[in-house]
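S.K.: Submitted below is the structure of interest, expressed as structure tokens.
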Amino acid sequence: MKRLAILGSTGSIGVSALEIISAYPERFKVVALTAGRNFDLLEEQIRLFRPEVVAVQEETAAGLLRESLGKSAPEILCGTTGLIACAAESSAEMVVSAIVGAAGLEPTLAAIEAGKDVALANKETLVAAGSIVMSAVEKNGCRLFPVDSEHSAIFQSLEGHRKHDVRRLILTASGGPFRDCPAEDLLNVSPEDALAHPNWSMGRKITIDSATMMNKGLEVIEAHWLFDLPADKIDVHIHPESIVHSMVEYVDGAVIAQLGIPDMKTPIAYALSYPERLPLNLPPLDLCQLGRLHFHEPDPGRFRCLSLAYQALRAAGTAPAVLNAANEIAVEAFLERRIDFLAIADIIENVLSQHRPLPLTDLNQVLAADTWSREAARSVIMARSHGVSK
Ligand code: NAD
Ligand code: MG
């Protein structure tokens, strides 16, 4: 019986993970759940999975949950300390890191420092603090299992092979809802247009990141840390069907890929049960019915966020944390209709240009870079809304 903590249990990944877990009650026991603000769903999950400890973002929500659950309430904590307690101090052996954004960093790192294995969906953790996280993994002798479908595909395509035989990684990207949209039309796209992803159903932030292709940029940085390869050995192909989840090219020209229908349950289940494969009730991949698969290079003019992510990875140190935080602020502003779609890349570019990257030393420095970047992004947005160029 594997004891699990699910951070971000009410999100898209959290809910899919719990669906797998409930199909295998003899294998998994949920000991901790955490959520942001989706109080009703969290309460339902608590009644169903009976965790020992729970964390929510705010004390008022914690109080309401305690009241509503009465005598059957588990320990209910709040804020970052609550998240860290669920991740690091619970009896979990594995932590599913599925909070969205940089908020996932501290609890994920705390889990690693407590020696727990992590099923990592929260790519922002590795983007913001890759070197710190990877040295903590090594120091504490735990393992990071990628949940992101591309990284799970690469992880699977690397199994049984020697790392020094790898020539490059090829991450696939659907291209999002605007892959065929003329560049001049992008100025007027709405949050609703950007949230209509053609292949995957995901949380709002990652869906916007897919539309700008910042998601692929964050994944390039994630792949750099997970697989220890430099930026020039990590390429991106647009693959509209999202069937080939990613590939590894070896020095002899062999390319090994992992394929499947686009459903996050496959990579989540593999991370939970590695090295075993759990039977999942998913429709089979029917390549004959599909007939053709397509691949092409991303257009850097249209997908500037992807280029900005490569730029931040090459600048190294605090630059990726700054990229990530500026992106979070810009995406939030776009979703709230305070900026247009194309401004997302402008804002990130502006903030990166103001930043002098420093080599990463510790978590506090990452958090400081994150805070600085959020402030800088907010002031760029404010200046734009007042028509001042900054
Ligand atoms: P989501 O928005 O659906 O869910 C996020 C979860 O985190 C929710 O439970 C929410 O309550 C919680 N949360 C949000 N902000 C929080 C905060 N400040 N403090 C504590 N909890 C907070 O997001 P998602 O789509 O499930 O994505 C989660 C992570 O997984 C992201 O990092 C994303 O990039 C990654 N990921 C998602 C998918 C996908 O298919 N959804 C695929 C690959 C990777
Ligand atoms: Mg992905």
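S.K.: Between the alpha-carbon centers of region 155-173 and region 262-330, tell me the distance in whole angstrom.
M.R.: Between the Cα centre of region 155-173 and that of region 262-330, the gap is 15 Å.
S.K.: Jot down the per residue volume, in cubic angstrom and as a whole number, of the convex hull over the alpha-carbon atoms of region 74-165.
M.R.: Taking the convex hull of the Cα positions in region 74-165, it is 111 Å³ per residue.
S.K.: Have a look at ALA271, ALA254, ALA87 and tell me which one the Gaussian network model of the chain (Cα, springs below 10 Å) gives the largest fluctuation.
M.R.: Looking only at ALA271, ALA254, ALA87, the biggest GNM fluctuation is shown by ALA254.
S.K.: Direction-averaged shadow area of the convex hull around the Cα atoms of region 316-390, nm²?
M.R.: 4.5
S.K.: Can you send over the carbon and sulfur percentage of the accessible area for region 2-146, probe radius 1.4 Å, protein chains only?
M.R.: So the carbon and sulfur contribution to the accessible surface is 52 percent.
S.K.: So for each of 277-284, 202-209 I average, over its residues, the number of other beta carbons within 10 Å; can you give me the resulting order with the highest mean first?
M.R.: Final packing ranking: 202-209, 277-284.
S.K.: Rounded to whole Å and sorted largest first, what semi-axes of the equivalent ellipsoid does the C-alpha gyration tensor of region 2-146 yield via the square root of 5 times each eigenvalue?
M.R.: Ellipsoid semi-axes (Å, largest first): 24, 16, 13.
S.K.: Quick one: which residues, 5 or more positions from GLU241 or on another chain, have an amide H under 5 Å from its amide H? H modelled 1.01 Å from N in the peptide plane, none for Pro or chain starts.
M.R.: HIS294
S.K.: Starting from the amide H of LYS29, placed 1.01 Å from N in the peptide plane, find each other amide H under 5 Å away whose residue is 5 or more places distant or on another chain.
M.R.: LYS2, ARG3, LEU4
S.K.: Whole-Hz ³J(HN,Hα) for each residue in region 259-265, computed from phi via Karplus 6.51 cos²θ - 1.76 cosθ + 1.60 with θ = phi - 60°, x for glycine and proline: what do you get?
M.R.: Result, rounded to whole Hz: 10, x, 5, x, 8, 5, 5.
S.K.: Please report, as a whole percent, how much of the solvent-accessible surface of region 316-390 comes from carbon and sulfur atoms (probe radius 1.4 Å).
M.R.: About 54 percent, which is the carbon plus sulfur part of the accessible surface.
S.K.: Note the count of lysine pairs whose C-alpha atoms are less than 22 angstrom apart in region 2-146, limited to pairs 8 or more residues apart or on different chains.
M.R.: Pairs that pass both the separation and distance tests number 6.
S.K.: Taking amide H atoms as placed 1.01 Å from N in the peptide plane, list the residues 5 or more away in sequence, or in a different chain, whose amide H sits under 5 Å from that of LEU358.
M.R.: Counting only residues 5 or more places away or on other chains, the set is THR318, ALA319.
S.K.: Moving on to the next point. Would you kindly calculate the mean projected area, averaged across all directions, of the convex hull enclosing the Cα atoms of region 251-314, in square nanometres?
M.R.: For the Cα atoms of region 251-314, the hull's average projected area reads 7.9 nm².
S.K.: Another question, then. Report the Cα-based extents of region 64-222 along its three principal axes, largest first, to the nearest Å.
M.R.: Taking max minus min along each principal axis of the Cα atoms, region 64-222 gives 56, 48, 22 Å.
S.K.: Cut-off 10 angstrom, C-alpha nodes, Gaussian network model of the chain. Which of PHE303, PHE145, PHE227 fluctuates the most?
M.R.: Of the options given, PHE227 has the highest mean-square fluctuation.
S.K.: What list of ³J(HN,Hα) couplings, whole Hz, do you get for region 198-205 from phi and the Karplus terms 6.51, -1.76, 1.60, once you set θ to phi - 60° and write x for glycine and proline?
M.R.: Couplings: x, 10, 10, 9, 9, x, 5, 5 Hz.
S.K.: For region 308-325, in order, what is each residue's ³J(HN,Hα) by Karplus, 6.51 cos²θ - 1.76 cosθ + 1.60 with θ = phi - 60°, in whole Hz (x at glycine and Pro)?
M.R.: Working through the residues one at a time gives 5, 5, 4, 4, 5, 5, 6, 5, 6, x, 7, 4, x, 5, 5, 4, 4, 5 Hz.
S.K.: Ok, one more. Over region 2-146, give the accessible area per residue in Å² for a 1.4 Å probe, as an integer.
M.R.: Accessible surface, normalised per residue, equals 39 Å².
S.K.: So, one more: Per DSSP H run of n ≥ 4, the term is -39500 (n - 2.57); total these for the chain, divide by its residue number, and report the mean residue ellipticity at 222 nm rounded to 500 deg cm²/dmol.
M.R.: -14500 deg cm²/dmol
S.K.: A further question on this structure: In debye, nearest 20, what is the charge dipole magnitude of the chain about its Cα centre with +1 on Lys and Arg Cβ and -1 on Asp and Glu Cβ, if you could check?
M.R.: Here the size comes out at about 360 debye.
S.K.: For the chain, compute Rg over Rh where Rg is the Cα radius of gyration and Rh is the Kirkwood radius from the inverse mean 1/r over Cα pairs.
M.R.: In the chain, Rg relative to Rh is 0.95.
S.K.: Ok, one more. If you wrap a convex hull around the Cα atoms of region 216-351, how much volume per residue is inside, in Å³?
M.R.: Measuring per residue, one finds 173 Å³ for the Cα hull of region 216-351.
The values are calculated or read from the model by the stated rules, or taken from the named source; none is laboratory data. No experiment lies behind these values; they were computed from the predicted model shown. Note that each Cβ is placed from the backbone with ideal geometry, even for glycine, and that neighbours are counted across all protein chains shown. Remember, those area values only see protein heavy atoms, side chains included, never the ligands or the DNA or RNA. Shrake-Rupley method; radii C 1.70, N 1.55, O 1.52, S 1.80 Å.
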